[in-house]
Amino acid sequence: MAAAAVSLEQIDWENPEQIGLWQDAWLRFRRNPIAVGGLVFVILLALDALFAPLLVNFHVIADPLKQNPADSYAGPSLQHLLGTDYLGRDLLSRTMFGARISLTIGLTVQAIYLVVGGTIGLIAGYFGGRTDNLLMRFVDIWYAFPDLLFILVVVSVFQPSLFVIFGAIGLIGWVDLSRLIRGQVLSLKEKEFVEGARAAGSGPSKIILRHLLPNTLGPIIVSLTFGIPRAIFLEATLSYLGVGIPPPTPSWGIMISDGNQAIFAYPHQVLVPALALAVTMLSFSFIGDGLRDAIDPRMRR
Amino acid sequence: MKVAEAPPSTERRVDPVILRVDNVYKHFPVGGLGGGAVRAVDGVSFEIRRGETLGLVGESGSGKSTLGRVITALHPASGGHVFFEGKDVTKLRGGKLRQIRRQLQIIFQDPFASLDPRMTVGEIIAEPLDNYGLARGRQRQLRIQELLRVVGLNPNFTNRYPHEFSGGQRQRIGIAKALALNPSLIVCDEPVSALDVSIQAQIINLLQDLQREFNLTYLFIAHDLAVVRHISNRIAVMYLGKIVEIADRLDIYDRPQHPYTSALLSSIPVPDPRREANREPIPLKGEIPSPVNPPSGCRFHTRCPIARVPGVCSEIEPPLVAHGRPGQVAACHFAGELSARSATEAGLPSA
Amino acid sequence: MAAPLLRVEDLRTQFFTSRGIVHAVDGISFNVNRGETVGIVGESGSGKTMTAFSILRLVPDPGRIVSGRILFKDQDVVQMNDDDVREFRGNDVAMIFQDPMTSLNPVTKVGTQIDEAMTAHERFSKKEAQARIIPLLQQVRIPEAARRAQDYPHQFSGGMRQRAMIAMGLSNEPELLIADEPTTALDVTVQAQIIQLLKQLNRDVGAAIILITHNMALVASLCQRIIVMYAGRIVEEGPVEQIFDSPQHPYTWSLLRSVPRVDVARAERLVSIKGLPPDLVRLPPGCKFHPRCRFKIEKCEREEPPLEEVAPNQVARCWVMMRNVAQEQREETKAGEVSREAATELKQAGSG
């Protein structure tokens, strides 16, 4: 065959808008007003959680722990914008401090989910076979254990403290995440780009961390976002039942429980923390919905 | 079963054997307690010489893609050996396997699934370079750009993501990645079947140019016999996990020995209305059987127009032995009979 | 000559997206006669599928037919109300899609679906429809038709599903059958059977067929006339033998030489069409093919050529026309794909 004239055939393409995948998701997220509303509220909540102690120092709000029995169940006033509780503590300040507990619980627990559930899911999914079988049976057994019972046992053995509550909630919810990740990895590892990575000489750890994890990140983030309100709610439930955060630390669950004693006379004692809890949970759910819609069409052509 | 010794032919054949596939099996267990298995590849043997292109054709379910993955050690073999430059790929593990992989690359069918959507083009091409520590820093950047230029892409687009490219461009990226390790054999698994017609020619020409430029050996897997015949020196035809015929690219069309090859060839339309007016496809009975439970004897006997059933075809499995021209092998008890018959009956081109 | 069965006049179908207006079909006109087989050829994005969807008024959102007429037996499909369109689809015209699984209902028996296709229109009584199911399945050569009518789609192989689709399409004896890449998802031996079947139906039933495909060889096998589309326009049209013998548009010419032929042994290099199909939102000025054309002249970049008669019954949209292109110039289309310079650098880097 005659040597064909070799010339560089430079492809002349139109410049497509150069957009990263996350940028693209953010653009879609921004077009969803409800999700953006949720995000704004959560940002405000986070600022509140960060700076609430500072506000107390500068006397903008009252000390949430300072009792004044003479002033119990006070109505709204300039001094106490939302009134006081049965021990005369400032309701606004306690609600604002309650966000600290809720957010900390929400985020810490997700971190535990991610580490435990993520590791188990990735390993089970990637290695498959007997490893997968063993891990998944373990997950099944773990899943079969009643959540509340598990927490009550843990708390009664170790005494309720912030740390114990984190651990107890964190150790029950990871099961769903590990199943999600395992499923994702199972389908991803059949994709040609994973085989391509192996052909390029990449080992298991590199394939898991460089290829599988980033490609499951979308669903993971969505799942974790939905996990936050669930954890917050669980903490509130535990605190309401009296096995959660030990008093006097302000937690929305405890406040609802306290307010319950006088719910007919002073309904706002329950309404204020309940509303805070509800709006927070809704906000996270809205963000989760928005993220899911924004991240989903990522495999576009 | 052994492949018949191929006698030295008139052309090439001086080149040494680079890949020898020896009685390879790949069975996938079927879930459930029944304990059956999909016999995707069921005893396949052939050789590829350095610098040649062996085409591997077959319809869906023939096991051709699975075979490609066994050869590149992406799937472990269930039995048999794959000797690459004398070393048995199926027996290697760890570091030794990694060293062989440098020489043994693969290009995939689906340009949309074969590139990690979360990585930039630069990262994708750098991955093999980094794995083997072949280039660092500025050297690495230069190498990536050279690879992009070699496959006809703009070297400045290393920071772009795969989704910003068209199918043909992505296939070029996949080729650049396969070239990065300077391999000697590349398994091309349906590299053009997902592309638009006008783009297919670009990629086929590119693969041919690269072969000449870098002295590459190809195993070219495709269902399109026309494309395979265009690019290959020799062609192997697979049916239900077995190779039924291997022949030179000229002989396969002029003197097919296996009735399945004849049927396949007669089924392909050609862009020539006058020829099409006379082309009469050899009809095949029924459907391709399940690879879980392949037919007894010759696997093709259930669909074969010339099978003696009941008789030798449904009872005895024909070995892959020399038939027809030098170097040609076929697994049929009545090799050559159909092509001789149809050449006279249906006006199929002979010689 | 009798009036054509289908007359498409200056049809424009556009999609209104956030990126801008996608000109999917950009002013095309053609006829289909009774009993004729016409192939519409083009790559993805050429507008061939949207042409078919437009004829059936099935253009998906956010697209719509913005202008033009589609006259089926002198009735304008574009102006029909929804009831008439439903009557027209499936009764006068049937469509076969690439993937039969998406157009068959997975939870209904195949026979029942064919029955429903008939009773949805009023051509046949309930009883007649019942009686027709099995003969229809036999007509598309489904073995053991009576038993197979009781099967669900997933129990059929790909080729059999496509046959069932054809049987359903034929159930109301339409005068026009539109087949959109009917064999792309099938193996070649099965493809051959489906094409044989379509040929036979055209001969026996007399239905006109529009075959939409990217495969020139299929058109050669089945069609009498060929329409080549590019960027939403017709760039060449004519009788199949004429177009295959002497294509005048460079795109048609290249397309015919870019695909290897199984019956040709010469290892001739394939003609490659450089670049990519155009972005239908931002079409180039002048001839839409000029950025990829190797024979263009300066005029091609400025002015769009009209569809001009180049031979009896053959029209092409080109300022140059292949008959005016010298042999040496044609050879340039086989240029190398590899930069030798880059290859040399790479080889040095590899060894050093």
Requested in this report: If a/c stays under 1.5 just call it rounded; otherwise compare a/b with b/c (prolate if a/b is bigger, oblate if not). Do that for region C:239-352, with a ≥ b ≥ c from the square roots of the Cα gyration tensor eigenvalues.
Outcome: oblate
Requested in this report: About the Cα centre of chain B, how large is the charge dipole given +1 on each Lys and Arg Cβ and -1 on each Asp and Glu Cβ? Please answer in debye to the nearest 20.
Outcome: 980 debye
Report summary line: Excluding residues fewer than 8 positions from C:LYS48 in its own chain, the lysines with Cα under 23 Å of it are C:LYS73, C:LYS199, C:LYS274, C:LYS288
Report task. Taking the Cβ of C:ARG86 as the centre, find all other residues whose Cβ is under 14 Å away and add up their charges (Lys, Arg: +1; Asp, Glu: -1). Result -> -4
Requested in this report: Please identify which residues in region A:225-250 have an amide N closer than 17 Å to a label point set 7 Å out from the Cα of A:LEU65, following the Cα→Cβ vector.
Outcome: A:245-250
Report summary line: A student asked for the Cα radius of gyration and Dmax of chain B in angstrom ought to give 21.1, 69
Report summary line: region B:33-73 scanned against label point 7 Å out from A:GLU190 along Cα→C-beta; backbone N under 15 Å for B:38, B:61, B:66
Report task. Under 15 Å Cα to Cα from A:LYS206, which aspartates and glutamates show up? Leave out anything in the same chain fewer than 8 places away. Result -> A:GLU195, B:ASP116, B:GLU123, B:GLU127, B:ASP130
Query raised in the report: Considering only the other residues whose Cβ falls under 12 Å of the Cβ of A:PRO204, what net charge follows from Lys and Arg at +1 and Asp and Glu at -1?
Result: +4
Report task. Would you please give the FRET efficiency between C:VAL281 and A:ALA111, computed as 1/(1 + (r/R0)^6) with r the Cβ-Cβ distance and R0 = 35 Å, to the nearest 0.05? Result -> 0.20
Query raised in the report: Where does the charge balance sit around C:GLU128 when Lys and Arg score +1, Asp and Glu -1, over other residues with C-beta under 12 Å from its C-beta?
Result: +1
Query raised in the report: Whose amide H sits under 5 Å from the amide H of C:ILE178, counting only residues 5 or more places off or on another chain, with H placed in the peptide plane?
Result: C:ALA94, C:MET95, C:ILE96, C:ILE210
Query raised in the report: Looking at region A:122-202, which GluC sites (Glu not before Pro) are DSSP coil and have at most 13 other C-beta atoms within 10 Å of their C-beta?
Result: A:GLU190
Query - A:VAL40/A:ILE141 FRET efficiency (R0 45 Å; Cβ-Cβ; nearest 0.05) - result: 0.60
**Report entry** Nearest-20 debye value, the protein assembly as shown charge dipole, Cβ charges on Lys, Arg, Asp, Glu
**Finding:** 2180 debye
Requested in this report: Using only Cα atoms, tell me the angle between helix A:268-295 and the longest principal axis of chain A; keep it within 0 to 90° and round to the nearest 10.
Outcome: 10 degrees
Query raised in the report: Taking C:LYS109 as the anchor, which lysines have their alpha carbon closer than 22 Å to its alpha carbon, excluding any fewer than eight residues away along the same chain?
Result: C:LYS126, C:LYS127
Requested in this report: Would you please put C:282-295, A:225-238 in order of how densely packed they are, using the mean number of other Cβ atoms within 10 angstrom per residue and starting with the highest?
Outcome: A:225-238, C:282-295
Report summary line: With label points set 7 Å from each Cα along the Cα-to-Cβ direction at B:SER296 and B:ASP15, the distance between them in nm comes to 4.3 nm
Query raised in the report: How many angstrom lie between the C-alpha centres of region C:254-294 and region A:25-88?
Result: 66 Å
**Report entry** Cα long-axis angle, helix C:340-351 against chain C (0 to 90 degrees, to the nearest 10)
**Finding:** 90 degrees
**Report entry** Helical contribution to [θ] at 222 nm, DSSP H n ≥ 4, -39,500 (n - 2.57), averaged over chain B, rounded to 500
**Finding:** -9500 deg cm²/dmol
Requested in this report: Any chance you could run the full-extension gain for C:GLU304 through C:ASP84? It's 0.36 nm times the residue separation minus the Cα-Cα distance, nm to one decimal.
Outcome: 75.4 nm
Query raised in the report: For chain A, what does -39500 (n - 2.57) per DSSP helix run (n ≥ 4), summed and divided by total residues, give at 222 nm, in deg cm²/dmol to the nearest 500?
Result: -23000 deg cm²/dmol
Query raised in the report: Can you tell which of B:PRO162, B:VAL228, B:ILE125 lies farthest toward the positive end of the dipole of region B:112-245, using +1 and -1 charges on the Cβ of basic and acidic side chains (Lys, Arg; Asp, Glu)?
Result: B:ILE125
Query raised in the report: Once amide H atoms are built 1.01 Å from N in the peptide plane, which residues 5 or more positions from B:PHE220, or in another chain, come under 5 Å H to H?
Result: B:LEU54, B:GLY55, B:LEU56, B:CYS188
Query raised in the report: For the protein assembly as shown, rounded, prolate or oblate, judged on the Cα gyration tensor with a ≥ b ≥ c (square roots of eigenvalues), a/c < 1.5 rounded, else prolate if a/b > b/c?
Result: prolate
Report summary line: The distance between the Cα centres of region C:1-45 and region C:182-223, in whole Å, is 20 Å
Query raised in the report: So what's the angle, to the nearest 10 degrees on a 0 to 90 scale, between helix C:126-139 and the longest Cα principal axis of chain C?
Result: 40 degrees
Query raised in the report: Between rounded, prolate and oblate, where does region B:41-115 land on the alpha carbon gyration tensor, with a ≥ b ≥ c its root eigenvalues, rounded for a/c under 1.5, else prolate if a/b exceeds b/c?
Result: rounded
Report summary line: With R₀ set to 41 angstrom, the calculated FRET efficiency between the beta-carbons of C:ASN324 and A:TRP26, to the nearest 0.05, is 0.15
Query - Nearest-20 debye value, region B:14-92 charge dipole, Cβ charges on Lys, Arg, Asp, Glu - result: 180 debye
Query raised in the report: For the peptides A:34-40, A:280-286, C:100-106, what is the packing order when you average, over each peptide's residues, the other Cβ atoms within 10 Å and list the highest mean first?
Result: A:280-286, A:34-40, C:100-106
Report summary line: Sorting B:GLY137, B:VAL244, B:ILE71 by the position of each Cα along the dipole of chain B (Lys, Arg +1; Asp, Glu -1; all at Cβ), the one nearest the positive end of that ordering is B:GLY137
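No lab work stands behind these numbers, since they all come straight from the coordinates. Since the structure is predicted, the reported quantities are computational estimates derived from the model, not experimental observations. Ideal geometry is used to build each Cβ from the backbone, glycine not excepted, and the neighbour counts take in all protein chains shown.
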